[in-house]
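The values are calculated or read from the model by the stated rules, or taken from the named source; none is laboratory data. Not measured: the values here are computed from a predicted model. Cβ sites come from the backbone with ideal geometry, for glycine too, and all protein chains shown count toward neighbours. Ligands, DNA and RNA are stripped out before the accessible areas are found, and what is left, the full protein with its side chains, is counted by its heavy atoms. Shrake-Rupley method; radii C 1.70, N 1.55, O 1.52, S 1.80 Å.
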Amino acid sequence: MIEVNGLTKRYGGTTAVKDLTFTVRPGRVTGFLGPNGAGKSTTLRMILGLHEPSSGTVTVGGRPFRDRSRGLRHVGSLLDAHDVHGGRTAAAHLAALAAGNRIPRHRVAEVLQEAGLAEAARRRIGGFSLGMKQRLGIASALLGDPPVLIFDEPLNGLDPEGVKWVRDLFRRLAAEGRTVFVSSHLMSEMEHTADQLVVIGRGELIAAESLAGFSARGTRSDVTVGTSASSVLEGLLAAEGATVRVEGDLLVVTGLTSVQVGEIAQRHRLPIHHLSTRSSSLEEAFMELTADSVQYLAGESR
Ligand SMILES: Nc1ncnc2c1ncn2[C@@H]1O[C@H](COP(=O)(O)OP(=O)(O)OP(=O)(O)O)[C@@H](O)[C@H]1O
Ligand SMILES: [Mg+2]
């Protein structure tokens, strides 16, 4: 379990993380979501004791992580896949980590196998692709068989097979009762990976709840209707209090159900050639809820 309490980090005049409080529980995959610059990496570094908080506390398994010796047995993490010595082979890199954390040597071959890197064990890391480095980073996180696993954007650079492997791995680790905390700036990545979400924007907490709960909160349904008497129907629907937008040949209606829209058209004998309900996706829910906190908007300077 990871417990974050009132966590704040300031860099000079910038507040990267602001009074964050949330808990990451074992037995499930928790997604840590936020737009670029939201403060995800900063928070993960504080959890791992790599950055000192300006205020607030964070514990892993009830204690600050920094107080643990043989850290890899307690928490496995992948923060930056490039953060490895390029001149070493994959096997030598893992063997050094194992030795430093008093992890049995046989784990090296096991995690290389698990990460699909058995063939590349004796190759120098400098020649690895980004995807292979991600796999190596995940292998190092698994090395100490830890109860808590933390990954910063682990899906970056992975091919579809790699993405599937990582998702299946995370689910299995959670099913084994471990705490799995995974960051991403893409909702679509979390949609099929996480059960639980912690969403932040500009360093502040936006939501900490189940994936289902989060998507229900942001979901709005629109009714799409097509008729040859478009402007007549538009006026009738607006008179009933709906908001109506024209999209090509169709009207997009919010504020009424499809049944209500159908009945209004029927009452006025308007021919309908299309009627459907459209729910916003999880991606839209995320965009909507973080809209005010997106720092770096394309094509905009501020
Ligand atoms: N060492 C530092 N010195 C100064 N500012 C920093 C430092 N590290 C991070 N920041 C600032 O803190 C904020 C949060 O950055 P952080 O890297 O935690 O975001 P993130 O959510 O991981 O973003 P991304 O999705 O782009 O990885 C940003 O405004 C960033 O510029
Ligand atoms: Mg980051």
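Binning the alpha carbon pair distances of the stretch 221-279 at 5 angstrom intervals from zero yields the distribution 4, 22, 40, 27, 6, 0, expressed in whole percent. Across the stretch 133-143, computed HN-Hα scalar couplings (Karplus, 6.51 cos²θ - 1.76 cosθ + 1.60, θ = phi - 60°) run 5, 4, 4, 5, x, 5, 4, 5, 5, 7, 3 Hz from first to last residue, x flagging Gly and Pro. Each residue of the stretch 53-61 is assigned a 3J(HN,Hα), and the resulting list reads x, 6, 7, x, 9, 8, 10, 10, x Hz, derived from the Karplus form 6.51 cos²θ - 1.76 cosθ + 1.60 (θ = phi - 60°), x at Gly and Pro. For the chain, the tally of Lys pairs with Cα-Cα distances below 24 Å comes to 6, considering only residues 8 or more apart or on different chains.
When the chain is treated as a GNM with alpha-carbon contacts under 10 Å, the residue of 38, 98, 242 showing the greatest mean-square fluctuation is 242. Each part reduced to its alpha carbon centroid, the stretch 1-65 and the stretch 139-157 end up 17 Å apart.
Which value in Å does the Kirkwood hydrodynamic radius of the chain take, with 1/r averaged over all unlike C-alpha pairs and then inverted?
After inverting the pairwise mean of 1/r, the radius is 21.8 Å.
Determine the gain in length on full extension of the stretch residue 212-residue 246; use 0.36 nm per residue of separation and subtract their C-alpha separation, reporting nm with one decimal. Value of the extension gain: 9.2 nm. A probe of 1.4 angstrom, applied to the heavy atoms of all protein chains, finds residue 3 with accessible area near 80 square angstrom. Is the C-alpha gyration tensor of the stretch 1-130 telling us rounded, prolate or oblate? Criteria: a/c under 1.5 is rounded; beyond that, a/b larger than b/c is prolate, otherwise oblate. Here the stretch 1-130 falls in the prolate category.
The stretch 182-252 and the stretch 78-116 have Cα centres separated by 44 Å. Proximity of backbone amide H atoms, modeled 1.01 Å from N, is registered between residue 18 and 9, 204 at under 5 Å, excluding neighbours fewer than 5 places apart on the same chain.
Per residue, the chain exposes an accessible area of 48 Å² to a 1.4 Å probe, with every protein chain left in place. In this structure the amide hydrogen of residue 29, modeled in the peptide plane, comes within under 5 Å of the amide hydrogens of 195, 196, none closer than 5 places in sequence on its chain. Treating r as the C-beta distance of residue 105 and residue 80 and R0 as 30 Å, the FRET efficiency rounds to 0.70. Based on DSSP H segments of at least four residues, each scored -39500 (n - 2.57), the chain has a per-residue ellipticity at 222 nm of -9500 deg cm²/dmol. Taking amide H atoms as placed 1.01 Å from N in the peptide plane, the amide H of residue 78 lies under 5 Å from those of 150, 151, 152, each 5 or more residues away in sequence or on another chain.
With a sphere of radius 15 Å drawn around the Cβ of residue 234, what net charge do the other residues whose Cβ falls strictly inside it have (Lys, Arg +1; Asp, Glu -1)? Show your work: numbers first, answer last.
On the way: positive: 245; negative: 222, 240, 247, 249.
Spelling it out: positives minus negatives among the neighbours equals -3.
Given a 1.4 Å probe and the protein chains as shown, residue 85 ends up with an accessible area of around 120 Å².
Backbone phi angles across the stretch 179-194, fed through the Karplus curve with coefficients 6.51, -1.76 and 1.60 (θ = phi - 60°), yield HN-Hα couplings of 8, 10, 10, 10, 9, 6, 9, 10, 4, 4, 6, 7, 3, 10, 10, 9 Hz in residue order; Gly and Pro are listed as x.
For the stretch 221-279, with all protein chains present and a 1.4 Å probe, just round the carbon and sulfur fraction of the accessible area to a whole percent.
On the way: 1680 of 3390 Å².
Whole-percent figure for carbon plus sulfur exposure: 49.
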